[in-house]
Each structure stands twice: as C-alpha cells, then as structure tokens.
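The structure appears right after this line, and notes come after that.
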Amino acid sequence: MALGLIVIYAIGPMRANVLNSTYGTNYDPNYFFFGQLRSVAISLVAFFLAFKVIPYKYIKKFSKPIVILAIGLSVALWVLAKTGSSLAKCELGECRWFNLGFMSFQPAELLKLALTIYLADFLARKKEAGEIGNIREFWLPLIIVAGLSLGLVVVAQGDLGTGVALMAIIFGTLLVAGVPTKQYLIMLAIVIVVAVLSVATSAHRMERIHAWIDTIQGAAVTDSTYHIENAILAIGTGGLAGVGIGNSVQATGYLPESINDSVFAIMGETFGFIGLFFIILVFSMLLFRMLKVADHTESDDRRILVVGVFSWTLAQFAVNIMAMTGLIPVTGITLPLLSYGGTSMVFLAYALGLVLQISCYTSREGIKHENTSSGGRLGRAYHSSRRRRP
C-alpha cells in the first residue's frame, strides 16, 4: 500500500492533467493521491477490524445474509443502470459502480468477499454432513449462488476480469473441500466452455483477442493494440533500475488507466526490473504464507476461507501482470493493494485481516485433512495460551 501511495503521488498530477485537458474536468493535482490515502486509511481500519475486533465465528453466522446482500446490490445496480438512474456510474458503456456523490462503490468487490465467506461455511457444513457431491443438497444451491454471482458480474456488468477472480475463488475452495475429481472436472469444463462462449459472442472481447494476437505477431500499432503496446513499452523503458519517481513518460497520457489497471507497467517504467522483481517477491511471500496458514489450520471452514482469499489474490495478481506483459489479452482487473481505487482495496484488506486472525489459531505442524485433495500433513492443534479459540 505504501508503494502504491508513492506511485500515485508521483503520477496522480499527470493523470489529473490528462483528464482535465481531455474531458474538461477540474481535478486538483493531488486529487488522486488524497483519494488513495483515504482508501489506504479505510483499508487499514477494515484490516484491523477483521484481525482483532470481530471474531470469525460471528462473521460465519452471517455468511448467508452477506452473500444475499452482495447479490442484491448487484441486482439493484443492474436495474438502476437499465433505468438510466444517476445512481449508477458507467464508464466505457459498462455500469459497475454506485454513484454515492462523495464516493463510488463497486458491489462486485463486496461479492468477492461475501462469496468467499459463504463458500467456506457452506462447503464445511456439507463436508461434515457427508453431502459433498450430492446433486440436490450440494450442487443445486452452489450452482444457484455461483451462477447468479458470475451472471451479474460477467453479463450484467460486463466485467470478465472480476469474473475470473470469482471463478478462482469458487474452484479454489471446491478443490480443497473434497469434491469428487470427476464432478470437479466436469464443472470446470462447463465453466470454461461458457467463458469461451461469452468471449466469442462479445465484439469488444474478441477485439481484445485479435489485438493480443496482433501484438504477439509484431503487427503495426493500431487503436486496438495501443494499450498493450504502450504497457510493454513502459516496462521496457524502465530497464534495470527504472527512470525514477516522477519521470514517467507513459503516465502523461500515453498509457490508458495508468493509475488503475496499468499501474504495474508504470511501476516497471519507474522502478525497472529490480522494482518489479521486488513487487513480485512480496506478493509471492504473501501467497505462500497464506498457503502455509491453510496447511496448518485445523478447522475446515477456516482452511477453506484462507484458500478462497489465496485464490482471489492470486487470480488478480497473476491476471493483471500477465495482461501488462502481453502474456494474455488485456482485461480490466486491478493489481491488488497497489492500483488506485477504494472498494477493491478495502474488501481485500478485510479478507487478509481474516486470514491473519485465523493464522493465530494454527497448529505447529501441518494438518492432514481427510477426504480432501490438499495432501496436508498430520499435526496437533495449537493456539496461543493467551487467546481462546474464536
């Protein structure tokens, strides 16, 4: 978060100038920095609330109301967008935010957290009841919740990037819940087919596919390849040590979404290969630490929750970096904790706070969980003598 603040402070005035000159707005040069600073402050509060204040056992009790609220807000946004209400904030033809005047709110980010909490509770209960894999008791309710979530995000909001994160959460948690391999692979194949069809039937998404192919083949720069070409150019310009803070050229208006989806490329230009290596290293340490917490967690619901947060973070991190380096087509997904934007940062910070809370109640050695594919080790549960189990 601190690194993100530094970058936003450096390129925020450039972004404000671009918007003011292009759209006639009147953004203050420090508008984006103070907005990011506010988001970081709120995110830290959310993090410590999840870590120290609200025990997970209480959050788990409200897993159903939370996911119903998240789905309900997504439905409400879709209705408001269809009726042309000013409460729905739309950009580039897609309506993904509530316009609350003093701030915007993206319900899809709440949906990620809500779905993670719900699946942890749902899958643990079904596993305890021996209903994992049962069509009526397991797959039917799961498909309804997951299908509604993906449909509202990918179809209604046109947000395939967030849809990828949701699919990662769903299939990451299913993998460790003990779902029969055959059923798991069938559901994965169905989702992949639906995802391919959603891309093939969308002119905008197919344009991105063609732009990506053109970029790989080294074709001339066009309007469709402009984004990825400039992202690669930014990273290449950074060289080994970068051009330095405040010296970015791409942030002056050449690279689209420089403070949001493209912030990784701007960091490559600013800090060079060394800086990007450090960023990837820090994220890798965080991800491996979450896997260790999951491996040492005795309770199924808490272990599944940690895996859900891991899958969520990994999906956003990997997809954003792969898009900015030309490994996959450009897709609208932020770099966790570093991109500009409050809603994404706040809810991920809260999820990480839950993981840290759970890590306080882990075993000294790995736990072997029966009927799962995690392949953990056997160990005795351990928790601090100064704290009780949540």
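No lab work stands behind these numbers, since they all come straight from the coordinates. Predicted model only: the values in this text are computed from it and were never measured. We place every Cβ from the backbone using ideal geometry, glycine too, and count neighbours over all the protein chains shown.
Report the net charge of residues surrounding SER248, where surrounding means a beta-carbon distance below 13 angstrom and charges are Lys +1, Arg +1, Asp -1, Glu -1.
0
Please list, or write none, the lysines whose alpha carbon is within less than 29 Å of the alpha carbon of LYS61, excluding same-chain residues fewer than 8 places away.
Partners within reach: LYS52, LYS112, LYS126, LYS127, LYS292, LYS368.
Report, in degrees rounded to the nearest 10, the 0 to 90 angle that the Cα long axis of helix 2-23 makes with the longest principal axis of the chain.
Long axis of 2-23 versus the principal axis of the chain: about 50 degrees.
Give the angle, between 0 and 90 degrees and rounded to the nearest 10, that separates the Cα long axis of helix 181-200 from the longest principal axis of the Cα atoms of the chain.
20 degrees
State the cysteines of the chain left without a partner when partners are defined as other cysteines whose beta carbon lies under 4.7 Å away.
CYS360 - these cysteines have no disulfide-compatible partner (Cβ-Cβ under 4.7 Å) in the chain.
Among the aspartates and glutamates, which fall within straight-line cross-link reach of LYS82, defined as a Cα-Cα distance under 18 Å, with same-chain neighbours fewer than 8 residues apart omitted?
GLU91, GLU94, ASP159
In degrees, nearest 10, range 0 to 90: what is the angle between the Cα axis of helix 63-82 and the longest Cα principal axis of the chain?
30 degrees
Which FRET efficiency, nearest 0.05, do PHE102 and ILE186 yield, Cβ-Cβ r, R0 35 Å?
Step by step, r from the Cβ atoms, then E = 0.15.
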